[in-house]
Amino acid sequence: MDTKIFKMDPEHTDREAIRICADILKRGGTVAFPTETVYGLGANALDKNAIEKIFTAKGRPSDNPLILHVYSFEEVVKYAEEIPDDALKLADFFSPGPLSMIFRKKSIVPPAATGGLETAAFRVPSNKVALALIEEARLPIAAPSANLSGKPSTTDGSHVIDDLFGRVDAIIDTGRSEIGLESTVVDMTVSPPEVLRPGGVTLNELRMVIPAIKRSYTTENSSAPKSPGMKYRHYSPESPLTIVKGNSNDVIDRINFLVSGNSNIGVLCCDETYDLYSGGKKISVGSINDPGTIASNVFHALRLFDKSGVTAIYSEYFSIGDMEEAVMNRLRKASAEIIQI
Ligand code: TXA
Ligand code: MG
């Protein structure tokens, strides 16, 4: 398949390129586009055939439902019903932004978009290019993360090109994503609402608006996932990732021992510990005092390790307060093993 690539300055939306991409979507094609969280692979959410192209391009299991992207929260009523007051409150604070909410879907949304579920997830992205594309297409855009299934989500246009060139109709490349981790997914069909996937909006932030909101993902390895996507192997770099958790000095000693100077082994660490590792291919995801930076660099670092051809990766456990659940949820899912010392 011929893939058109549009490079764009995120601050200056190229209207002509947006028009071409919106036309592709209207004609049932696929367009990868930036959002503030990660890149998405979009298609017309109301067109079953277009949706099938997303699953084929990604190699994604068809029972894993997609998030529908709309340009304003008011649009959601066209595609969903039983929208509770709590959802309006959350939308007031966090929409547009990295929050996806699940409602009962109307029949206009085909089962192909929701993995056969009677519910559908909705999100209004805050990224200007994403909003321009959705508005120009005048359609809800179904978009999972724009990566091959099982690989780390894409947080840079070049990663999207690596994974999807030749598999989609167009790619809009605006460089790095701002947040670098996917949206928080909240099930609004239950009362109190339940968080199914931690993400860009933290549990504490959600609880400031809805104190009773529950967490339904586990912070350890889960056995009965509620969100279909949580049961698949995810975010994995090509070489096995091991997380080492414990007292900081012990972690550094253990990783140094495991790496024992081998420059083909990756070490994922932070600014504060970087100099304490004596070998391996080191990447710092940022200062432990700057959780936002760590969140935005995690997927990016896993991709860098893949490119550098390391044979194994050891990562510290990052204790970073409110963002810790989302960051460690992704790293845990990407990992082959967790060593607790
Ligand atoms: O930030 C994001 O959410 C990105 C950008 C592109 O918007 N999208 C994204 O999509 O991460 P995806 O498909 O990679 O992850 C969507 C998650 C999956 O875990 C899926 O199972 C869950 O949301 N999900 C979607 N609809 C659902 C539903 N009706 N019920 C339960 N879980 C649902
Ligand atoms: Mg994904």
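Cβ separations smaller than 7 Å between residues 6+ apart or across chains give the following pairs from region 103-115 residues that are among the charged types (D, E, K, R) to residues that are not in a strand (DSSP E or B): 104/82; 104/118; 104/189; 105/79; 105/114; 105/118; 106/79. Of everything in region 131-141 that is within 15 Å of ligand 1 (Cβ to nearest atom) and in contact with a strand residue (DSSP E or B) (Cβ under 7 Å, 6 or more places away or on another chain), the residue that is nearest to residue 57 (Cα to Cα) is 141. Of these, 276, 206, 268, 258, which one is outside the structural domain of residue 324 (by TED's automatic domain parsing), modelled with pLDDT of 95 or more and either touching a Leu at 6+ places or on another chain (Cβ under 6 Å) or hydrophobic (A, V, I, L, M, F, W, C) (or both)? Testing whether each residue is outside the structural domain of residue 324 (by TED's automatic domain parsing), modelled with pLDDT of 95 or more and either touching a Leu at 6+ places or on another chain (Cβ under 6 Å) or hydrophobic (A, V, I, L, M, F, W, C) (or both) leaves just 206. Considering (1) touching a Leu at 6+ places or on another chain (Cβ under 7 Å); (2) assigned to a strand (DSSP E or B); (3) of a type in the set (D, E, K, R), the lone condition that residue 282 does not fulfil carries the number (1).
Out of curiosity, is residue 219 part of a loop (DSSP other than H, G, I, E, B) and within 16 Å of ligand 1 (Cβ to nearest atom)? Break it down stepwise before answering.
On the way: part of a loop (DSSP other than H, G, I, E, B): yes; within 16 Å of ligand 1 (Cβ to nearest atom): no.
No; evaluated as a whole, the condition is false for this residue.
Apart from one condition, residue 309 fits all of (1) closer than 26 Å to residue 98 by Cα; (2) at pLDDT below 95; the exception is (1).
For region 142-161, a residue qualifies if it is in a helix (DSSP H, G or I), away from ligand 1 (no atom under 12 Å from the Cβ) and touching a residue at least 24 places away in the same chain (Cβ under 8 Å), and the qualifying residues are 157, 159, 161.
Is there a residue in region 176-183 that is of a type in the set (Ser, Thr, Tyr) and surrounded by fewer than 24 Cβ atoms within 10 Å (Cβ to Cβ)? Within region 176-183, none of the residues are of a type in the set (Ser, Thr, Tyr) and surrounded by fewer than 24 Cβ atoms within 10 Å (Cβ to Cβ).
Kindly indicate whether any position in region 102-112 is surrounded by 18 or more Cβ atoms within 10 Å (Cβ to Cβ), within 16 Å of ligand 2 (Cβ to nearest atom) and modelled with pLDDT of 95 or more. Checked region 102-112: at least one residue is surrounded by 18 or more Cβ atoms within 10 Å (Cβ to Cβ), within 16 Å of ligand 2 (Cβ to nearest atom) and modelled with pLDDT of 95 or more.
Across region 268-283, what is the number of residues that are in contact with a Ser or Thr (Cβ under 8 Å, 6 or more places away or on another chain) and either buried (at least 18 other Cβ atoms within 10 Å of the Cβ) or β-branched (Val, Ile, Thr) (or both)?
First pass over region 268-283, keeping only residues in contact with a Ser or Thr (Cβ under 8 Å, 6 or more places away or on another chain): 268-274, 279-281.
Subsequent filtering for residues that are either buried (at least 18 other Cβ atoms within 10 Å of the Cβ) or β-branched (Val, Ile, Thr) (or both) retains 268-270, 273, 280-281.
Residues that pass the stated criteria total 6.
The values are calculated or read from the model by the stated rules, or taken from the named source; none is laboratory data. Please read these numbers as outputs of a predicted model, since none were measured by experiment. Heads up, the Cβs are rebuilt from the backbone with ideal geometry, glycines too, and the neighbour counts pull from every protein chain shown.
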